[in-house]
Amino acid sequence: MFDPSATREQVNAVIQILHEEGLSSVSAVVRDTVTVITEGSGTQELASRLEKSPGVERVAVVLGAQRLTSRAFREEGTQVTVGARAETVIGGPGFAVIAGPCAVETREQMTAAVDVVVAGGAVMLRGGAFKPRSSPYSFQGLGLAGLTLLAEQRTRTGLPVVTEVVTPKDVECVAEESDMLQIGTRNMQNFELLREAGAAGKPVLLKRGMAATIEEWMLAAEYVMHAGNGDVVLCERGIRSYDRSTRFTLDLSAVAEAKRITHLPVIVDPSHSTGRPHLVAPMSLAAAAAGADGLIVDVHTDARSALCDGAQALSGEQFTTLMSRLGPVVEAVGRTLAPASAPSLASV
Ligand code: PEP
Ligand code: MN
């Protein structure tokens, strides 16, 4: 890892040493860090040589498959800034709330939901344009038209937007129209998609597979980071269990465990995990208490008419109440609820 003031020449000199050692496979250059995957002897000697190079702050020898995601690689938590707005940071002192409808449906629906979430203090908007539905007969999302409607809300509010990408061929256009790429639970191990998303130059929100172990989740993040992208945010969204009274089972122990083993920020989706609006608030408060860095919450101002996941969406009023209840819990664990930025809302 380089000193923040390291010059390009100093970085290149280190890369040159690696080349001299026959390590042409510098596998990733992420932010201030050069990663080399090497095998065999001589690693410790090389590490001490690199440590003496100007501009180098720390050399970590990390063994095992979780190289880039592990705390051994980077001790301090990674902060991911999304979009151009300095206030939207995930993994910093602020507890980041992302909110909006599950799916983009119409301009009116988006405007109504976005008005509510902005007033409540969300720092980022959500809305799916490409929906990975369990049934081929369910609403599949508006596709490109949905991306445009979402981007319209970004312009109107100045807030960044996150949206799901379901296939590698759409990565480029989704990256162009949004500020963060969401990889859904059903695609957590779509390795081609992870690689493409990692190379797209936008932060990635990586949801945990509904039947994935924590290790598999970290390895999926490893794919994105290995493609050169250090801006990965993990999202616990519930795992499959035997109990059908909740949609999935929110695994809050995975949040605390992930925070222990990785430097990446971890957020929670209390909507998809529970599937029930009345469980969203208690699980949101619990997530904040467990050390999560934020939430991604479904909000719909007319949930009965929703084309996707209306059964779990919070109404505007429920979202406002949730935000007011979150403040004290977030503060009790030494964080702040990112201040309501109250961007002026132009009409569209
Ligand atoms: C979503 O957030 O819109 C979504 C489909 O979530 P998940 O992949 O967690 O089911
Ligand atoms: Mn959904």
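Each value in this text was obtained by applying a stated rule to the coordinates, not by laboratory testing. The structure displayed is predicted, hence computed values, not measured ones. Cβ sites come from the backbone with ideal geometry, for glycine too, and all protein chains shown count toward neighbours.
Some points to look at:
- Per principal axis, descending, Cα span of the chain in whole Å: 64, 39, 36
- The chain, relative contact order in percent, only Cα pairs under 8 angstrom and at least six apart counted: 18
- In degrees, nearest ten, helix 107-120 long axis to first principal axis of the chain (Cα): 70
- For Ile239, nonlocal amide neighbours, meaning residues 5 or more places apart or on other chains whose placed amide H falls under 5 Å from its own, are Thr249, Leu250, Asp251.
- The range 213-261: chymotrypsin sites (Phe, Trp or Tyr not before Pro) falling in loop per DSSP and having at most 15 other Cβ within 10 Å: Tyr242
- With Cα atoms, 0 to 90° folded angle of helix 214-226 axis to the chain main axis: 70
- Excluding same-chain neighbours fewer than eight residues apart, the lysines reachable from Lys259 by a Cα-Cα span under 27 Å are Lys202, Lys207.
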